[in-house]
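Asks: Below is the structure I would like to discuss, written out as structure tokens.
The values are calculated or read from the model by the stated rules, or taken from the named source; none is laboratory data. What you see is a predicted model; the values in this text were computed from it and never measured. Glycine gets a Cβ as well: all are built from the backbone with ideal geometry, and neighbour counts include every protein chain shown. To get the accessible areas, we keep the full protein, side chains included, count just its heavy atoms, and leave off ligands, DNA and RNA. Shrake-Rupley method; radii C 1.70, N 1.55, O 1.52, S 1.80 Å.
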Amino acid sequence: QVQLVESGGGLVQPGGSLRLSCAASGSIFSINAARWYRQAPGKERELVAAITSGGSTNYADSVKGRFTISRDNTEKTVYLQMNSLKLEDTAVYYCYGDVRSTWRSPRTDYWGQGTQVTVSS
């Protein structure tokens, strides 16, 4: 069984920084696409950042230039460095992984449980 566990959320003032981590564990042959999503109260879940197995990245317009997604394939961990945080970045952040458990397994979607990020003065 594959698990994704996020950490690093918390309370930060506007303009501050946080680094989220998403550690994958279990039977993992490869992690293909990895993404960070967020969901604010009363809003739909939205894609924040994505990274391919080759390291190509994509960002929501609202976070470009402030957030950076990265991955450590050896540690099976995906990161989201968040700088210049704004009030509107407040949300629960979820990581997603497109995982293959063995070389012949189909690709399966996995989600973390979420970590709260609160930006407040």
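Asks: Say each of S101 and A33 gets a label point 7 Å from the Cα, pointing the same way as Cα to Cβ; how far apart are those two points in nm?
Replies: Once both label points are built, they end up 2.2 nm from each other.
Asks: Let me ask something additional. So for region 1-55, considering every pair of alpha-carbon atoms, how many percent are separated by more than 15 Å?
Replies: So the portion of pairs separated by more than 15 Å is 64 percent.
Asks: Here's something else I'd like to know. Under unit Cβ charges (Lys, Arg +1; Asp, Glu -1), what dipole magnitude, rounded to 20 debye, does region 53-114 have relative to its Cα centre?
Replies: About 220 debye.
Asks: Charges on Cβ only, +1 for Lys and Arg, -1 for Asp and Glu, centred on the Cα centroid of the chain; of G26, T118, L47, which one is farthest towards the dipole's positive end?
Replies: Most positive-ward Cα: G26.
Asks: Once neighbouring chains are kept in place and the probe is 1.4 Å, which whole percent of the accessible area of the chain is contributed by carbon and sulfur?
Replies: Answer for the chain: carbon and sulfur cover 46 percent of the accessible area.
Asks: Which of T90, Q13, G65 sits closest to the plus end of the dipole of the chain, meaning its Cα is farthest towards the positive end, when Lys and Arg get +1 and Asp and Glu get -1 on the C-beta?
Replies: Farthest along the dipole direction, towards plus: G65.
Asks: For the chain, what log10 I(q)/I(0) values come out of the Debye formula at q = 0.10 1/Å, with one point per alpha carbon and no solvent?
Replies: The Cα Debye sum returns log10 ratios of -0.28.
Asks: Further question on the same structure: Give me the accessible area per residue for the chain, probe 1.4 Å, as a whole number in Å².
Replies: Heavy-atom accessible area per residue stands at 54 Å².
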